[in-house]
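Have a look at this one before I ask anything.
The values are calculated or read from the model by the stated rules, or taken from the named source; none is laboratory data. None of the values given here were measured: they were computed from a predicted structure. Cβ placement follows ideal geometry from the backbone for every residue including glycine, while neighbour counts extend to all protein chains displayed. Ligands, DNA and RNA are excluded from the accessible area calculation, which covers all protein heavy atoms including side chains. Shrake-Rupley method; radii C 1.70, N 1.55, O 1.52, S 1.80 Å.
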Amino acid sequence: MVSTTPDPNPDVDDCPGPPPPADRPARVEAHGIDHIPDDERRGRPLELFSVWAAANVNYLSLVVGGALVLTGLNLWQSLAVIVVGNAFWLLTGVLAVSGPAAGTPSEVITRAMYGIRGNRVNNAVVGWLISVCYFALNLAAAATAAFSLVGKAGMPVGTGVKIVVVVVVAALTLTISVYGHALIMRLYLPITLVLTAAFIGVAIAVVGHTDFSYAPDHPLTGTGLWAAVFAGVALVASGPLSYTTSADFSRYLPRTTSAKAIVGWTALGGFLPGTVVCALGAFAATAVDMTDPQSALQKILPSWFDPVFLLALILGTIAINALTAYSAGLALQAVGVRIRRSLSVLVDGTVSVSLTLYALLVSDFLDTVNNVLQLTVALLGPSTAVYATDILLRRNRYDGRALMDETPGSPFWYAGGVNRAGAVAVLAGTAAASLCVDTLYCTGPLATALGGVDLALPVGLVVASALYAALMRGRAGSARAR
């Protein structure tokens, strides 16, 4: 049984003769979580660079970069945190190699880690719920820029206008997600080029105002400094760690594609723009108060350039959210909901728009961003660690067709449909991370004992990876054979 309903393919169903290529930009993608046959695989790993680059030139990265300086770090400490946090894109690249090997998205490959039934729970939480939350946060960021653009056009930005703006931005985003993989691959190179040109202009303006000797009035030292550093790394790393679904965008590549190239282009596509845009946010924070980034940046940028900048922010956020919504749609299928991928994307969008309106109209946006991103690391870190460890244990040998078998006879049924090794490892890693987390919403006992130093990210990664490797060690040989 396969928990997916293919989208209709009128070109194949209604036209005589040989079928056209299955993955085309102008047609809604027919594949969901099902296996991609070898004869439908094409593309080069270089294409992955623009996919991840376009998704990382966005407003949220500017907000995060500015937030680091607001926590009390000086400029050079903030830059070090930005580089270390963005280095986690290497893990995103490692996870992407499993896509061509299996010919299925991450949401199916993780059946190897959690079992058929256990993976449904994993997709409900790590795949769907967190993706929807990230969609909402990014949509709120794009909407904030759009509100300013509407205001510059002379329109009053009341509640009704805000709702319309959020819906319009979401509709543009979801259109890309609904059409799917081929349209993403076609659009993201020109989007990357447009955003690069726009942010070169931003960089020139921001660097010209940057105080490279900036230090806070009351420099952090000792425990306070380490608390800010570890919290900052977790905040920045939450971006790459949220993409445990990177195989979704590499799965159409031929299975013989170089794993090193997949890792390299994926990681580089996320790392370079993520580091640069976060750094620009930190640079700006040395000159203006980034508590309100949108208003603050208007003081730095030339007035004529401000609308261009706002449009670039909206476009960049649409790019990242299209990927998020695409994966969330696959996750909903992998939970077991028999729904077309295109319709599942629309369901996700509806939920995300509701959350976005709450974040913008009820809650404080900056506080929401900081605390949600830090909290998700306690779960995303262990989940990423288990996935990466499984790839190493199996030497990236995945049988895509076997992964599609959801019956009790499946090699991934394990015990009652659950691989206890994966379930125990991710739960233990999350529990250990939760003891170390320190946010406005939650402070773990170990974080309290350490004076507020948040070690959730490294502790969660190490505990989950080590435990999973230990529990799977006796089955490593059979795991590679599957």
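Is there a quick way to get the dipole size of the chain? I mean about its Cα centre, with the Cβ of Lys and Arg at +1 and of Asp and Glu at -1; what is the value in debye to the nearest 20?
1220
Additional query: At a probe size of 1.4 Å, how large is the accessible area of D38, to the nearest 10 Å²?
About 90 Å², ignoring ligands and nucleic acids.
Right, another one. Compute the acute angle (0 to 90°) between the alpha-carbon long axis of helix 365-394 and the principal axis of greatest extent of the alpha-carbon atoms of the chain; round to the nearest 10°.
Around 30 degrees separate the two axes.
Does the stretch 385-436 come out rounded, prolate or oblate, given a ≥ b ≥ c as the square roots of the eigenvalues of its C-alpha gyration tensor, rounded meaning a/c under 1.5 and, failing that, prolate meaning a/b above b/c?
Oblate shape, in that a/c is at least 1.5 and b/c is the bigger or equal ratio.
So how much accessible area does W52 have, in Å² to the nearest 10, using a 1.4 Å probe?
0
Just to confirm the number: angle between the C-alpha axis of helix 159-179 and the first principal axis of the chain, 0 to 90 degrees, nearest 10?
That works out to roughly 40 degrees.
What is the packing order of peptides 59-65, 341-347, taking the mean over residues of other C-beta atoms within 10 Å and listing the highest first?
59-65, 341-347
Using only the Cα atoms of the chain, each taken as one equal point scatterer with no solvent, compute I(q) by the Debye sum, divide by I(0), and report log10 of the ratio at q = 0.06, 0.07, 0.10, 0.14 Å⁻¹.
Scattering profile of the chain, log10 relative to I(0): -0.25, -0.35, -0.72, -1.38.
To continue, here is another question. Out of the total accessible area of the chain (probe 1.4 Å, heavy atoms of protein only), what percent is carbon and sulfur?
68
In whole Å, what are the extents of the stretch 240-360 along the principal axes defined by its C-alpha atoms, from largest to smallest?
Per principal axis, max minus min of the Cα coordinates gives 49, 39, 24 Å.
Then there is this: Counting only Cα atoms, I'd like the Rg/Rh figure for the stretch 83-143, Kirkwood definition for Rh.
Working: Rg = 14.1 Å, Rh = 13.3 Å.
Using only Cα positions, Rg/Rh for the stretch 83-143 is 1.05.
Label L70 and L225 with points 7 Å out from Cα along Cα→Cβ: what is the distance between them in nm?
2.4
Which length gain, in nm to one decimal place, applies between S213 and T443 when the Cα-Cα distance is subtracted from 0.36 nm times their residue separation? Show your work: numbers first, answer last.
On the way: separation 230, 0.36 × 230 = 82.80 nm, distance 3.31 nm.
Using 0.36 nm per residue and subtracting the Cα-Cα distance, I get 79.5 nm.
Ignoring everything but the protein chains, give the 1.4 Å probe accessible area of V83 in square angstrom, nearest 10.
Result for V83: roughly 70 Å² accessible.
Here's another thing I want to ask about it. If you fit an axis through the alpha-carbon atoms of helix 306-335 and take the longest principal axis of the Cα set of the chain, what angle between them do you get, 0 to 90°, nearest 10?
Computed tilt is about 30 degrees.
Which FRET efficiency, nearest 0.05, do D38 and V84 yield, Cβ-Cβ r, R0 60 Å?
0.95
What value, in deg cm²/dmol to 500, does the helix sum -39500 (n - 2.57) over DSSP H runs of n ≥ 4 give at 222 nm once divided by the residues of the chain?
Calculated mean residue ellipticity at 222 nm is -21500 deg cm²/dmol.
Okay, next question. Dividing the convex hull volume of the alpha carbon atoms of the stretch 129-282 by its residue count, what do you get in Å³ per residue?
Value for the stretch 129-282: 199 Å³ per residue.
A further question follows. Compute the relative contact order of the chain as a whole-number percentage, counting only Cα pairs closer than 8 Å that sit 6 or more residues apart in sequence. Don't skip to the end; give the middle numbers.
Numbers: 906 pairs, mean separation 152.8, N = 482.
Here the relative contact order equals 32 percent.
First measure r as the distance between the Cβ atoms of V424 and K260, then evaluate 1/(1 + (r/R0)^6) with R0 = 41 Å and state the FRET efficiency to the nearest 0.05.
0.80
Rg (Å, one decimal) plus Dmax (Å, integer) for the alpha carbons of the stretch 104-194?
Here Rg and the maximum Cα pair distance are 17.6, 56 Å.
Can you list the lysines whose alpha carbon sits under 18 Å from that of K162, skipping same-chain ones fewer than 8 residues off?
Correct list for K162: K152.
Then there's this: In nm, what is the difference between 0.36 nm times the number of residues separating R473 and R397 and their Cα-Cα distance?
Gain in length upon complete extension: 25.8 nm.
So, one more: For the stretch 21-97, which trypsin sites (Lys or Arg not before Pro) pass both filters: DSSP loop (anything but H, G, I, E, B) and at most 15 other C-beta atoms within 10 Å?
Answer in residue order: R42.
While we're looking at this one, here's another question. Within the stretch 276-314, list the chymotrypsin sites (Phe, Trp or Tyr not before Pro) lying in a DSSP loop whose Cβ has at most 10 other Cβ atoms in a 10 Å radius. Walk me through the numbers on the way to the answer.
Values: sites: F283, W304, F305, F309; in loops: W304, F305.
Those satisfying the criteria are W304.
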